[in-house]
Amino acid sequence: MAMTPFEEFSKEVDALTAAHKRSRLSRFVMWVEYRRRRWSNDPMQFRMVETEGKPVGDSMDVYHMSLHDMMHHEVCGQLTAEVLLKGRRINAFSRGAYKQMEDLVGRITIQPRWV
């Protein structure tokens, strides 16, 4: 039976979190991967959910440009850093409070989750 893209992504996150605990060399490789993704503006694609899954850690405030689809892109960038640099097991997030800060800046509170 073929896995869905979300199941494949979850398996990849599991492998990355396991490798993060293994050695400093693997953490260095993940740091390089994070820098590559940041340079090419290609974050990992996390799914937005309502209440599914288990909350992981504390909620986070994410500041972003309030243009079309920039909130999801910046949240994915922040969560990519959490997975690759800190080894957190996250594959989704739930949306919390939103506040418009200035003309083009907004702040959203998210809760990282494992579905």
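The values are calculated or read from the model by the stated rules, or taken from the named source; none is laboratory data. What you are looking at is a predicted structure, and each value in this text was computed from that prediction instead of being measured. Virtual Cβ from ideal backbone geometry, glycine too; neighbours counted across all protein chains shown. These accessible areas exclude ligands, DNA and RNA; they are computed on the full protein's heavy atoms, side chains included. Shrake-Rupley method; radii C 1.70, N 1.55, O 1.52, S 1.80 Å.
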Q) Considering the stretch 78-115 alone, what residues qualify as being part of a loop (DSSP other than H, G, I, E, B) and open to solvent by 50 Å² or more (accessible area, probe 1.4 Å)? A) Arg88, Arg89, Met101, Glu102, Asp103, Leu104, Val115
(Q) Between a residue in the stretch 15-32 that is within 11 Å of Arg88 (Cα to Cα) and in contact (Cβ under 8 Å) with a residue 40 or more places away in the chain and any residue that is part of a helix (DSSP H, G or I) and open to solvent by 50 Å² or more (accessible area, probe 1.4 Å), which pairs come within a Cβ distance under 8 Å, given they are 6 or more apart or on different chains? (A) His20/Arg27; His20/Lys86
Q.
Quick test of your reading of the structure: Lys11 fulfils all but one of (1) modelled with pLDDT of 90 or more; (2) open to solvent by 50 Å² or more (accessible area, probe 1.4 Å); (3) closer than 29 Å to Arg107 by Cβ. Name the failing condition by number.
A. (3)
Q) Looking at this structure, is His68 surrounded by fewer than 18 Cβ atoms within 10 Å (Cβ to Cβ) and more than 15 Å from Arg113 (Cβ to Cβ)? A) yes
**Q.** Any chance Asp69 is under 30 Å from Arg24 (Cα atoms) and free of Cβ contacts under 8 Å to residues at least 24 places away in the same chain
**A.** no
Q.
Can you report the number of residues in the stretch 14-39 which are of a type in the set (Ser, Thr, Tyr) and open to solvent by 40 Å² or more (accessible area, probe 1.4 Å)?
A. 1
Q: Would you mind stating whether Gly57 is more than 21 Å from Glu8 (Cβ to Cβ), open to solvent by less than 60 Å² (accessible area, probe 1.4 Å) and at pLDDT below 90?
A: yes
**Q.** Flag for Asp58 being over 21 Å from Glu7 (Cα atoms), without any contact (Cβ under 8 Å) to a residue 40 or more places away in the chain and acidic (Asp, Glu)
**A.** yes
